Amino acid sequence: MARIITAAAAQLGPIQKAEPRSEAVGRMVQLMERAHKRGVEYLVFPELALTTFFPRYYHEDIAEADIWFETALPSAETAPLFAAAKRFGITFSMGYGEITHAADATGIVRKRRFNTSVIVAPTGEIILKYRKVHLPGHAEYAPLRKVQHLEKRYFEVGDLGFPVIQAPVGTLSGVNLGMMICNDRRWPEAWRVMGLQSVELVSLGYNTPSLNMEATGFEAHHLRVFHSHLSIQAGCYQNATFAIASAKAGKEDGNELFGHSIIVNPQGEIMAMATSWGDELITADCDLDMCTLGRTTIFAFEKHRRPEAYARITDQIGAVAPPVWQGLTDTDG
Ligand code: CDT
């Protein structure tokens, strides 16, 4: 029997700085209701879905930024979302700022902050948690930037790797689910680590500004969306997986996020794309058996991968200069 799930990206329009969580959650519940009417079984909300993209705001004292974080899920404010998922039988994924009190690598228990996403079953149980690994931006106030991007200030690097889990979705008893968050999509390593766990459906939430504030040279605006789609389409094709990429879109207090949420199949094709800058639902019927072709032919990892040639991927972080060619010698033939 075909393994088809009806999936959705629930793009969110802007959330202004003053907008309370209750309002954002209300909009999310409305999207879920619309999704239910379209038969959606799996739905993805963006990164940091409950608030404005707060890393653009500088707090001298990091503890002051705690207002943007969640200490529990569900909470009184997010409970309506969990209730709607139960009512509609929808499995969903969403991003949020997580505060946890847990031991760090040195064994010391302390307050820790992560840029996190979870997959939630209709029962309200957390199926999987992921903490963002590739944090972009900077840790200190950058006076030359028009807009700050302080993810490295507010979040620790995720400590859960890129986990994949097999879980029931809709009528299917087992779907291989994974997650990444925003900037992760640009890193092929993230996709491959999940590909190596036979992922079939990657949830990806993002908040991407229309302008690259770090660019010293010219970057054409249309290339911002192109690079996002290129990364997702390549990741799906090279790892034989579907991805649901769900954006925050539009102007948050004057700061533009480019939207363009997409659903991509294992051939790297875009199956659905958002065209507005508002709350928008895009859906696609994902036939998970499509993952088999790539997985058993050109990307049959067990037959074709050569990890002995990839040592630099894990041994090295930055690029080094190559050796300088010394000219032809007799032994070069
Ligand atoms: N949220 C996030 O990760 N955004 C980045 C752009 C950051 S620019 C400093 C992205 O890759 O879309």
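Answer with yes or no whether ASP159 is closer than 27 Å to LEU73 by Cα, at pLDDT 95 or above and in contact with a helix residue (DSSP H, G or I) (Cβ under 8 Å, 6 or more places away or on another chain).
No.
Going by the conditions given, is GLU77 of a type outside the set (A, V, I, L, M) and within 24 Å of GLN166 (Cα to Cα)?
no
Those residues that are in contact (Cβ under 8 Å) with a residue 40 or more places away in the chain and either in contact with a Gly (Cβ under 6 Å, 6 or more places away or on another chain) or more than 13 Å from the ligand (Cβ to nearest atom) (or both), I need them from the stretch 124-139; list them, please.
Across the stretch 124-139, the qualifying residues are GLY124, ILE126, ILE127, LEU128, TYR130, LYS132, VAL133.
Tally up the residues in the stretch 61-99 that are in a loop (DSSP other than H, G, I, E, B), under 22 Å from ASP253 (Cβ atoms) and touching a residue at least 12 places away in the same chain (Cβ under 8 Å), please.
Count: 2.
Consider ALA24 against the criteria (1) part of a helix (DSSP H, G or I); (2) in contact (Cβ under 8 Å) with a residue 40 or more places away in the chain; (3) more than 16 Å from the ligand (Cβ to nearest atom): it satisfies all of them except one. Which criterion is unmet?
Of (1) part of a helix (DSSP H, G or I); (2) in contact (Cβ under 8 Å) with a residue 40 or more places away in the chain; (3) more than 16 Å from the ligand (Cβ to nearest atom), only one is false for ALA24: (2).
Which members of the stretch 182-229 meet the condition of being surrounded by fewer than 24 Cβ atoms within 10 Å (Cβ to Cβ), away from the ligand (no atom under 13 Å from the Cβ), of a type outside the set (A, V, I, L, M, F, W, C) and not in a loop (DSSP other than H, G, I, E, B)?
PRO188, GLU189, ARG192, HIS221, HIS222
Looking at the structure I just gave you, is MET194 in contact with a Gly (Cβ under 8 Å, 6 or more places away or on another chain) and not acidic (Asp, Glu)?
yes
On the given criteria, is ARG153 over 20 Å from THR241 (Cβ atoms), in contact with an Asp or Glu (Cβ under 9 Å, 6 or more places away or on another chain), assigned to a helix (DSSP H, G or I) and in contact (Cβ under 8 Å) with a residue 12 or more places away in the chain?
Yes; evaluated as a whole, the condition is true for this residue.
Restricting attention to the stretch 288-324, and to residues there that are among the small types (Gly, Ala, Ser) and in a helix (DSSP H, G or I), which single residue is nearest to VAL199 (Cα to Cα)?
Checking each candidate, the answer is GLY294.
Report the residue count in the stretch 243-267 for those that are buried (at least 18 other Cβ atoms within 10 Å of the Cβ) and either of a type outside the set (Gly, Ala, Ser) or without any contact (Cβ under 8 Å) to a residue 40 or more places away in the chain (or both).
Matching residues across the stretch 243-267 total 12.
Within the set of pairs 6 or more residues apart or between chains, which connect a residue that is within 25 Å of ASN176 (Cβ to Cβ) inside the stretch 39-57 to a residue that is in a loop (DSSP other than H, G, I, E, B) and within 11 Å of the ligand (Cβ to nearest atom) with Cβ atoms less than 7 Å apart?
Pairs that qualify, where the first residue is within 25 Å of ASN176 (Cβ to Cβ) and the partner is in a loop (DSSP other than H, G, I, E, B) and within 11 Å of the ligand (Cβ to nearest atom), are PRO46/ASN207; GLU47/ASN207.
If the requirement is being out of contact with any Gly (no Cβ under 8 Å at 6 or more places or on another chain) and within 13 Å of the ligand (Cβ to nearest atom), which of these qualifies: ALA105, ALA121, ALA142?
Only one candidate passes the filter, namely ALA142.
Quick check on my filter: what residues within the stretch 221-241 are closer than 14 Å to LEU211 by Cβ and among the β-branched types (Val, Ile, Thr)?
Scanning the stretch 221-241 gives a single hit, VAL225.
Given the options ARG3, ARG38, ARG27, name the one that is modelled with pLDDT of 95 or more and under 11 Å from ILE282 (Cα atoms).
Among ARG3, ARG38, ARG27, only ARG38 is modelled with pLDDT of 95 or more and under 11 Å from ILE282 (Cα atoms).
Name the residue, out of ILE263, ILE232, ILE244, that is among the aliphatic types (A, V, I, L, M), part of a helix (DSSP H, G or I) and under 21 Å from SER93 (Cβ atoms).
Just one listed residue meets the conditions, ILE232.
Going by what's in this entry, would PRO46 be described as closer than 30 Å to PHE242 by Cα, within 16 Å of the ligand (Cβ to nearest atom) and touching a Lys or Arg at 6+ places or on another chain (Cβ under 6 Å)?
Yes; evaluated as a whole, the condition is true for this residue.
The values are calculated or read from the model by the stated rules, or taken from the named source; none is laboratory data. Bear in mind the structure is a predicted one, so any value in this text is a computation, not a measurement. We place every Cβ from the backbone using ideal geometry, glycine too, and count neighbours over all the protein chains shown.
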